[in-house]
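Asks: Sharing a structure here in structure tokens format.
The values are calculated or read from the model by the stated rules, or taken from the named source; none is laboratory data. Computed from a prediction, not measured in an experiment: that's the story for all the values here. With ideal geometry, Cβ positions are generated from the backbone for all residues, glycine too; neighbour counts draw on all protein chains shown.
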Amino acid sequence: MLRLCAPDELTEGQSRGFEIAEEKLFAVRKDGQLYAYRNRCPHRGIPLEWLPDQFLDTSASLIQCATHGALFLIESGECVAGPCAGQALQILAIREDDQGIWVDLNEA
């Protein structure tokens, strides 16, 4: 497991991007739960965000691809609207302890 950040560096309703071991990924905290995904849209294989750490739609309830507007469920990464409907983001195992937020670059 690789350390992403301190627990207080990813607050409720926030998303944050990371690059670790040449891998782009992002994490989201929603309803106290953490979720991590590879930062790669299944439609074109490009990063999801236009601005740093901006992975959520305006309501902060869905992950949004800034290029195509595809929308993904935060809890599963499933695409529910857009050109990649029915596909999903690659989920990563994530955990949190007092020392930090940790991710496994192998899929969950």
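Asks: Could you run through the stretch 86-103 and say how many residues are in contact with a strand residue (DSSP E or B) (Cβ under 9 Å, 6 or more places away or on another chain), within 16 Å of Pro7 (Cα to Cα) and not hydrophobic (A, V, I, L, M, F, W, C)?
Replies: 4
Every residue, every condition in (1) exposed (fewer than 14 other Cβ atoms within 10 Å of the Cβ); (2) of a type outside the set (Asp, Glu), yes or no:
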position: Ser15; (1), (2): no, yes
position: Asp31; (1), (2): yes, no
position: Gly45; (1), (2): yes, yes
position: Phe55; (1), (2): no, yes
position: Ser61; (1), (2): yes, yes
position: Ser76; (1), (2): yes, yes
position: Glu96; (1), (2): no, no
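Asks: Restricting attention to the stretch 79-97, report how many residues are touching a residue at least 40 places away in the same chain (Cβ under 8 Å) and assigned to a loop (DSSP other than H, G, I, E, B).
Replies: Summing the residues that are touching a residue at least 40 places away in the same chain (Cβ under 8 Å) and assigned to a loop (DSSP other than H, G, I, E, B) in the stretch 79-97 gives 5.
Asks: If you don't mind, there's one more thing I want to ask. Kindly establish whether Ala21 is surrounded by fewer than 13 Cβ atoms within 10 Å (Cβ to Cβ), of a type in the set (Gly, Ala, Ser), farther than 16 Å from Leu105 by Cα and touching a residue at least 24 places away in the same chain (Cβ under 8 Å).
Replies: Numbers: surrounded by fewer than 13 Cβ atoms within 10 Å (Cβ to Cβ): yes; of a type in the set (Gly, Ala, Ser): yes; farther than 16 Å from Leu105 by Cα: no; touching a residue at least 24 places away in the same chain (Cβ under 8 Å): yes.
So Ala21 does not fit the description; no.
Asks: Could you check how many residues of the stretch 1-58 are under 16 Å from Cys79 (Cα atoms) and either in contact with a helix residue (DSSP H, G or I) (Cβ under 9 Å, 6 or more places away or on another chain) or of a type in the set (Ser, Thr, Tyr) (or both)?
Replies: Of the residues in that region, 2 qualify.
Asks: Residue under question is Trp50, and the condition is that it be surrounded by fewer than 18 Cβ atoms within 10 Å (Cβ to Cβ) and at pLDDT 95 or above; does it hold?
Replies: Spelling it out, it is not the case that Trp50 is surrounded by fewer than 18 Cβ atoms within 10 Å (Cβ to Cβ) and at pLDDT 95 or above.
Rundown of residues vs (1) under 23 Å from Asp97 (Cα atoms); (2) at pLDDT 95 or above; (3) in contact with a strand residue (DSSP E or B) (Cβ under 6 Å, 6 or more places away or on another chain), yes/no style:
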| position | (1), (2), (3) |
| --- | --- |
| Met1 | yes, no, yes |
| Pro7 | yes, yes, yes |
| Ser15 | yes, yes, yes |
| Ala21 | yes, no, no |
| Leu25 | yes, yes, yes |
| Leu62 | no, yes, yes |
